[in-house]
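The values are calculated or read from the model by the stated rules, or taken from the named source; none is laboratory data. What you are looking at is a predicted structure, and each value in this text was computed from that prediction instead of being measured. So basically every Cβ, Gly included, is an ideal-geometry build from the backbone, and we count neighbours across all protein chains shown.
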Amino acid sequence: MSSDANVRLPEPLLTQMREAAAGEGKSVDELTEEAAKHLLSQRLLEKFKQQAEERRGSLTETEVEEAVNRAISEYRAESRQKAGGIIRDR
């Protein structure tokens with residue numbers, strides 16, 4: 001779904017956008033959409049990184065890996081019980 005929106009850019013930036021878009025065979029709108037998606041995904045990634053650091057606390061890499069492996073094993077064991085079948089750990 002697409003909606004129209006006007007975006008104001010300083011002239012030097014708009015010139016760069018036009019040149020980049022032309023060089024890539026795209027419209028300025030397409031390039032603007034790509035840039036917005038990239039910026040928002042980068043911000044989301046930074047947010048996730050910050051949350052992960054907060055949750056991690058003072059755990060070492062080894063401790064984190066051990067906790068992840070333990071959680072995977074527990075999940076697989078629960079899945080085996082629910083399915084009544086055999087799911088082998090790797």
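Overview of results
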| quantity | calculated |
| --- | --- |
| Filter pass, Glu19 being exposed (fewer than 10 other Cβ atoms within 10 Å of the Cβ) and either in contact (Cβ under 8 Å) with a residue 24 or more places away in the chain or in a helix (DSSP H, G or I) (or both) | no |
| Leading residue by the ranking (farthest from the chain's Cα centre (by Cα)) among those in segment 49-78 that are surrounded by fewer than 10 Cβ atoms within 10 Å (Cβ to Cβ) and assigned to a helix (DSSP H, G or I) | Thr62 |
| Members of segment 1-16 found to be exposed (fewer than 11 other Cβ atoms within 10 Å of the Cβ), at pLDDT 95 or above and under 12 Å from Ala35 (Cβ atoms), listed by number | Leu13 |
